[in-house]
1. Can you work out which of the residues in the range 94-149 that are among the aliphatic types (A, V, I, L, M) and in contact with a Lys or Arg (Cβ under 6 Å, 6 or more places away or on another chain) is nearest to V162 (Cα to Cα)?
2. Check the range 3-23 and report whether any residue there is in contact (Cβ under 8 Å) with a residue 60 or more places away in the chain and of a type outside the set (A, V, I, L, M).
3. Might you check whether a residue that is farther than 20 Å from F84 by Cα, out of contact with any His (no Cβ under 6 Å at 6 or more places or on another chain), hydrophobic (A, V, I, L, M, F, W, C) and outside any helix (DSSP H, G or I) occurs anywhere in the range 34-49?
4. Can I111 be described as open to solvent by less than 60 Å² (accessible area, probe 1.4 Å), farther than 30 Å from R22 by Cα and within 12 Å of the chain's Cα centre (by Cα)?
5. Please work out if Y159 is open to solvent by 80 Å² or more (accessible area, probe 1.4 Å), modelled with pLDDT of 95 or more, more than 18 Å from D50 (Cα to Cα) and hydroxyl-bearing (S, T, Y).
6. State whether the residues of the range 124-145 include one that is touching a Ser or Thr at 6+ places or on another chain (Cβ under 6 Å), over 21 Å from I29 (Cα atoms) and of a type outside the set (D, E, K, R).
7. Condition (residue is surrounded by fewer than 19 Cβ atoms within 10 Å (Cβ to Cβ) and of a type in the set (G, A, S)) applied to the range 95-108: is it met by at least one residue?
8. For A154, are the conditions met, namely being among the aliphatic types (A, V, I, L, M), open to solvent by 40 Å² or more (accessible area, probe 1.4 Å) and within 16 Å of the chain's Cα centre (by Cα)?
Amino acid sequence: IASKNEQTALLLQDIFMTEAFRIYTSDDIIGVELGGALKNVIAVCAGISDGLGYGDNTKAALITRGVAELTRLGVAMGANAVTFSGLSGLGDLIVTATSTLSRNYTAGRYIGSGMSLDVALKKVHMVVEGVNTATAAYGLGKKYGVETPIIEQAYNVLYNGVDPRDAVNTLMTRDKKSE
């Protein structure tokens, strides 16, 4: 539960927490909101990776670098970097980017296997948040001057007709960096 008012957060924590549903509180509203939204773009990419036939190590690297992008963008927008390594960041991203029940992952897998965006969306039969969020995330990266190569390639695949294999090549042939 994210709230600037600690008493409100604690009250809601008490209301919703059960033996089967554990609730944590945070005062980082921006980080929690961004983590919950932006992870969907990375989940689409994870599905594309699986659809292309890449393995678990590739997906793990994609998720890890995706968290780095989300964190950079979030911090530029006023979020706390630590939020992105918690449940509303990494925790939510892991399940959304790996579960076959995830709409975002599933749509990405269809795209990676060669389907068009329109066909993939029709086949999922539900809202795939990461598709629209890719546009917002791409724009936010530009607005805040934050390097978001994975988000940019997701945007290019979804909206500019870039072949997913070419997007992967663009990511893999970027300048060397240190972590």
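The values are calculated or read from the model by the stated rules, or taken from the named source; none is laboratory data. Computed from a predicted structure; not experimentally measured. Cβ atoms come from the backbone with ideal geometry, glycine included; neighbour counts cover every protein chain shown. Surface accessibility is based on the protein's heavy atoms, side chains included, excluding ligands, DNA and RNA. Shrake-Rupley method; radii C 1.70, N 1.55, O 1.52, S 1.80 Å.
1. V128
2. no
3. No, the range 34-49 contains no residue that is farther than 20 Å from F84 by Cα, out of contact with any His (no Cβ under 6 Å at 6 or more places or on another chain), hydrophobic (A, V, I, L, M, F, W, C) and outside any helix (DSSP H, G or I).
4. Judged against the criteria, I111 is not a match.
5. Judged against the criteria, Y159 is a match.
6. Yes.
7. yes
8. Criteria not met by A154.
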